[in-house]
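Beneath this line is the structure, given in structure tokens, with notes to follow.
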Amino acid sequence: MWETLGAALLGAGLGVPVWLVPYTKVEESFTLQAVHDILTHGFAHGIQSYDHVQFPGAVPRSFLGPLLVAAPCAPLVALARLVGLDTSAEIQWVVRAVLALATWASLVLFARTVLRTPGVRPLFYVVCATQFHLVFWASRTTPNGVAFPLVTAALAGVLGPGERSRMAGLAALALITCTLRLEVVGLAAPAYLWAWLSGHLSLPRCIALGAASCTVGGAVSLGIDSYFWHAVDRTRLPGLGTYVWPEAHALLFNVVEGHSAEWGVAPWHAYFAKELPRLLAPSLPLLVAGLVARPTRGLQRLPLVTLSVFHTCLLSALAHKEWRFLVYTLPMWNALSAYGARACVRRAPWAGRALVAACIGAGAFLLALYTYVSAHNYPGGAALRAAHERIEAPEVHLHIDTLAAMTGVSLFQCTHLARPPASLVPTRAPVWHYNKTEGLDADAPWCDFTHLLTESANCRVAGNDPLFTPLGAPIPGLVGVRRKSVRAYIEELLGIFRARSLAAAWHAAIPVKVDTEPMLYVCKRTGC
């Protein structure tokens, strides 16, 4: 019963951000736009209409991830339209819900395969359900987010008891490395070494399995991605001409040529000193307990620690670092935390229960707090929604500036976008023209647009010429978070029972104040 309740709690937690924070950021744009284009245009004759043809990005991304997401979405989208989800923005919920469901299923599979000690699985589910980065980003269409459930399922096979599942997991890790995310090599390499050194597979079989999996992965990626990227007039890999292997190009561009450093450089110890504690907090005390606890039957502590530490050390050698590259290790760390929680309760029932409750309670509070703060960080999505509500015109040509496009605007959110009759994604009448042309200055043909989403104060996009005027209040965005003073916080807590709404009570209960300022304007053309 407790295991079922824990799994249900994890599923509910992964689904909450889908509904509370419906918008997406620029990191998620490629996969989300590609899923939209697959569901809208298909892939037989409509490649020229895909978003990546106009906005290809710095390096090509693989279409295998979007295809894996779009495949289960297609019948669900058709079903969603039958039950009343009749806008493209609502269809985006379906896409993200599918990804959240895949993440939940992979974590359940991992727990049932790897955690064989009674009573540990419910604790594992609860620890996962109270980690902000895991819960909030599980349904977000970053390339790492798409790969995460696949990597978790593969690790379940590698660390599981069966030889067949172990070989399938090893093959999957090599395939994911070659097709979706190159950094997964940090898990694939130690997984193969562990399978050999532990005696599960001979060295020749490890080499043959890895070579065959990489060959198949490279061939599949070359075939599929070359088809989708051939419409982009750009040589992707020296010597390959029109053939495209995205992960090989990413290796050349980011690692060999070192362009990843252009997105920021961090010291070698940043993952251990900053990112891992941030990802795992406040379950760190439970993790420490799991690392020092006496080994029990069913606990494979050595491979869990080895794979996680090897992956983190390998990625620490790169100048550019992001927490998203470490997300694949969270299930293994959380498994150790669950064992640690069990050990605490068994060794010191009262103090152990108090420690576990404190860690889980702190995690739940931080999850709610960070989700609340993050909801203010998508002004582009809020501005586009405001535009749909405020603009009443027979013909609309809306220009969306860079800030708006990076903070919530997606093709799914463009509910009035013209789509072909066979599209699974609906279009709401009347049809609008959305334009995301970048780099427009004061001399640009602004009179071609009837409306704008712009960060230019009071819609002054053309110097001092009053061509546009604000249509309603500006859209605020997050600029910072401040701690409330002790006195002010106590006063608000004392008055919490007088709050007239749940939102007012929540504002009084949280110990921080969210600072926002006007960031985007919905503008209507009045000049020209």
Set ALA357, ALA319: member being in a helix (DSSP H, G or I) and over 19 Å from the mean Cα position of the chain (by Cα)
ALA357
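Here is a yes/no grid of residues against (1) within 25 Å of PHE148 (Cβ to Cβ); (2) modelled with pLDDT of 95 or more; (3) part of a loop (DSSP other than H, G, I, E, B):
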| position | (1), (2), (3) |
| --- | --- |
| CYS344 | no, no, no |
| TYR372 | yes, no, no |
| ASN377 | yes, no, yes |
| PHE412 | yes, yes, yes |
| ALA422 | no, no, yes |
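Of the residues ALA171, ALA154, which single one is more than 30 Å from ALA375 (Cβ to Cβ), modelled with pLDDT of 95 or more and surrounded by fewer than 23 Cβ atoms within 10 Å (Cβ to Cβ)?
On the way: ALA154 fails: surrounded by fewer than 23 Cβ atoms within 10 Å (Cβ to Cβ).
Criteria check complete, one pass: ALA171.
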Taking the stretch 45-71 and keeping only residues that are touching a helix residue (DSSP H, G or I) at 6+ places or on another chain (Cβ under 6 Å), part of a helix (DSSP H, G or I) and farther than 13 Å from LEU424 by Cα, one is left with SER49, ASP51, LEU64, GLY65, PRO66, VAL69
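Taking the condition in the same structural domain as GLY169 (by TED's automatic domain parsing) and surrounded by fewer than 19 Cβ atoms within 10 Å (Cβ to Cβ), does LEU85 pass?
Details: in the same structural domain as GLY169 (by TED's automatic domain parsing): yes; surrounded by fewer than 19 Cβ atoms within 10 Å (Cβ to Cβ): yes.
For LEU85, the condition - in the same structural domain as GLY169 (by TED's automatic domain parsing) and surrounded by fewer than 19 Cβ atoms within 10 Å (Cβ to Cβ) - is met.
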So which pairs qualify, if the first residue must be in the stretch 189-200 and buried (at least 18 other Cβ atoms within 10 Å of the Cβ), the second must be modelled with pLDDT under 90, the Cβ gap must be under 9 Å, and the two must be at least 6 apart or on different chains?
TYR192/LEU201; TRP194/HIS200; TRP194/LEU302; ALA195/LEU201
Residues of the stretch 457-477 being over 10 Å from VAL522 (Cα atoms) and either in a loop (DSSP other than H, G, I, E, B) or without any contact (Cβ under 8 Å) to a residue 40 or more places away in the chain (or both), which ones?
ARG460, VAL461, ALA462, GLY463, ASN464, ASP465, PRO466, LEU467
PHE30 fails exactly one of the following numbered conditions: (1) closer than 18 Å to LEU222 by Cβ; (2) surrounded by 22 or more Cβ atoms within 10 Å (Cβ to Cβ). What is the number of that condition?
(1)
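Going through GLY363, GLY340 one at a time, which residue ends up being part of a helix (DSSP H, G or I), in the same structural domain as LEU252 (by TED's automatic domain parsing), out of contact with any strand residue (DSSP E or B) (no Cβ under 8 Å at 6 or more places or on another chain) and surrounded by fewer than 24 Cβ atoms within 10 Å (Cβ to Cβ)? If you could, list the steps in order and put the result at the bottom.
Working: GLY340 fails: surrounded by fewer than 24 Cβ atoms within 10 Å (Cβ to Cβ).
Sole residue among the options that is part of a helix (DSSP H, G or I), in the same structural domain as LEU252 (by TED's automatic domain parsing), out of contact with any strand residue (DSSP E or B) (no Cβ under 8 Å at 6 or more places or on another chain) and surrounded by fewer than 24 Cβ atoms within 10 Å (Cβ to Cβ): GLY363.
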Conditions (1) over 23 Å from ARG346 (Cα atoms); (2) assigned to a helix (DSSP H, G or I); (3) modelled with pLDDT under 90: number failed by LYS274
(3)
Within the stretch 427-456, can you find the residues that are touching a residue at least 60 places away in the same chain (Cβ under 8 Å) and either outside the structural domain of PRO474 (by TED's automatic domain parsing) or in a strand (DSSP E or B) (or both)?
HIS451, LEU452, LEU453, THR454
Quick check on this structure: which one of THR427, THR407 is of a type in the set (Ser, Thr, Tyr) and under 30 Å from VAL512 (Cα atoms)?
THR407
Matching residues in the stretch 211-225 - criterion: being within 11 Å of ILE176 (Cα to Cα) and in contact with a Pro (Cβ under 7 Å, 6 or more places away or on another chain):
SER221
Can you run down the residue pairs with Cβ atoms below 6 Å, 6 or more apart or on separate chains, where the first is in the stretch 405-426 and in contact (Cβ under 8 Å) with a residue 24 or more places away in the chain and at positive phi and the partner is assigned to a loop (DSSP other than H, G, I, E, B) and surrounded by 20 or more Cβ atoms within 10 Å (Cβ to Cβ)?
GLY408/TYR23; GLY408/TYR378
Exactly one condition in (1) farther than 30 Å from ILE224 by Cα; (2) assigned to a helix (DSSP H, G or I) is false for ALA34; which is it?
(1)
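In the stretch 99-136, how many residues are assigned to a helix (DSSP H, G or I) and either surrounded by fewer than 20 Cβ atoms within 10 Å (Cβ to Cβ) or aromatic (Phe, Trp, Tyr) (or both)?
Taking the stretch 99-136 as the starting set, the residues that turn out to be assigned to a helix (DSSP H, G or I) are 99-114, 120-129, 132-136.
Filter once more, keeping what is either surrounded by fewer than 20 Cβ atoms within 10 Å (Cβ to Cβ) or aromatic (Phe, Trp, Tyr) (or both): 101, 104-105, 109-110, 112-113, 124-125, 132-133, 136.
The number of residues fulfilling the criteria is 12.
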Considering (1) exposed (fewer than 12 other Cβ atoms within 10 Å of the Cβ); (2) at pLDDT 85 or above, say which one PHE497 fails and leave the rest.
(2)
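The values are calculated or read from the model by the stated rules, or taken from the named source; none is laboratory data. Note that the structure is predicted; figures quoted are calculated from it, not measured. Positions of Cβ are generated from backbone atoms using ideal geometry, with glycine treated the same way; all protein chains shown enter the neighbour counts.
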